[in-house]
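The values are calculated or read from the model by the stated rules, or taken from the named source; none is laboratory data. Note that the structure is predicted; figures quoted are calculated from it, not measured. As a convention, Cβ positions derive from the backbone with ideal geometry for all residues, glycine included, and neighbour counts pool all protein chains shown.
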Amino acid sequence: MEKEIKKQSEIFGVKVWFTSDSHIQHRNILKHCPKRAEIGGFDINDVEAHDKWLIDIWNKTIGKRDIVYILGDFSFASSEIIKKQILPKLNGQKYLILGNHDKSSEHLQGYFTQITQMKEVVFKKKNFPFIEEDSFRVFMCHYPMVTWPGKHHGVVNVHGHCHSHLDDFNEQSSDLRVDIGIDGKLADFKPISLEKLYHYFKHKTGGKTFKEYVTLQKELDTMQF
């Protein structure tokens, strides 16, 4: 477990963001996600316009010193193109959680702040005043998970991979899980701030603490058997 976000992050205006499934330089992505072309106002076959649109949104949202967690499927480009042509254009301290399409990752160590398969981060109330509990614990993986470390103690799961197709299931489920990919409802084609993510889950719990919520759900599940 890592406590990476220091008090200085708030003092000096550093924000935290989450995103996934950008698929930069993926020529078939617009066939699978045509709404991107509709929202961006470019031709569905124009992957260059798609990538420029993504980069513009990224840099209008994420500051140069901000922290951004990328939950996989970042780019289909070669490692050399990612190093020389893509990463230098993007703001932020970038943490990559690997997805199924991140084939060049073994050549990108040192170009991201960190590359991992999964990651848990603890965000403290003293650093982020909008957090009502002592801390907000986020477990990240490219894939949605049925269970994850700390689930029954109020740790939330954020994932990508599903391109909005799991949104209704996640909303109907009592589990504290959400797709933060750019095609999902929560992202709405933009990176998601830590504050927005936190308030999304607080709304789901009905204002309860995350620990209270999962304890109650466990009791309700037990009563059903």
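Data overview
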quantity	calculated
Scan of the stretch 15-34 for residues that are over 25 Å from N157 (Cβ atoms) and among the charged types (D, E, K, R), ordered by number	R27, K31
Criterion: modelled with pLDDT under 95 and of a type in the set (A, V, I, L, M) - qualifying residue of I62, I81, I57	I81
Options C162, C141; residue that is surrounded by 14 or more Cβ atoms within 10 Å (Cβ to Cβ), within 18 Å of the chain's Cα centre (by Cα) and farther than 18 Å from H26 by Cβ	C141
In the stretch 19-32, residue farthest from L87 (Cα to Cα) [restricted to those that are out of contact with any strand residue (DSSP E or B) (no Cβ under 8 Å at 6 or more places or on another chain) and buried (at least 17 other Cβ atoms within 10 Å of the Cβ)]	L30
Residues being of a type in the set (K, R), surrounded by 20 or more Cβ atoms within 10 Å (Cβ to Cβ) and assigned to a helix (DSSP H, G or I) - total across the stretch 165-203	0
For V47: the one exception among (1) more than 19 Å from P191 (Cα to Cα); (2) at pLDDT 95 or above; (3) surrounded by fewer than 18 Cβ atoms within 10 Å (Cβ to Cβ)	(3)
Filtered residues of the stretch 97-117 (kept if under 28 Å from K211 (Cα atoms) and touching a residue at least 24 places away in the same chain (Cβ under 8 Å))	I97, Q117
Options K35, K83, K52; residue that is over 16 Å from T19 (Cα atoms), surrounded by fewer than 16 Cβ atoms within 10 Å (Cβ to Cβ), among the basic types (K, R) and without any contact (Cβ under 8 Å) to a residue 60 or more places away in the chain	K52
Flag for F42 being over 25 Å from G150 (Cβ atoms) and modelled with pLDDT under 95	no
Filtered residues of the stretch 55-78 (kept if in contact (Cβ under 8 Å) with a residue 12 or more places away in the chain and over 22 Å from Q114 (Cβ atoms))	I57
Some residue of the stretch 149-159 being surrounded by fewer than 19 Cβ atoms within 10 Å (Cβ to Cβ), free of Cβ contacts under 8 Å to residues at least 12 places away in the same chain and of a type outside the set (S, T, N, Q)	no
Checklist (1) farther than 17 Å from V68 by Cα; (2) among the hydroxyl-bearing types (S, T, Y); (3) modelled with pLDDT of 95 or more applied to S104, failing item	(3)
Test: residue in the stretch 107-130 that is under 30 Å from E80 (Cα atoms) and in contact with a Pro (Cβ under 9 Å, 6 or more places away or on another chain)	yes
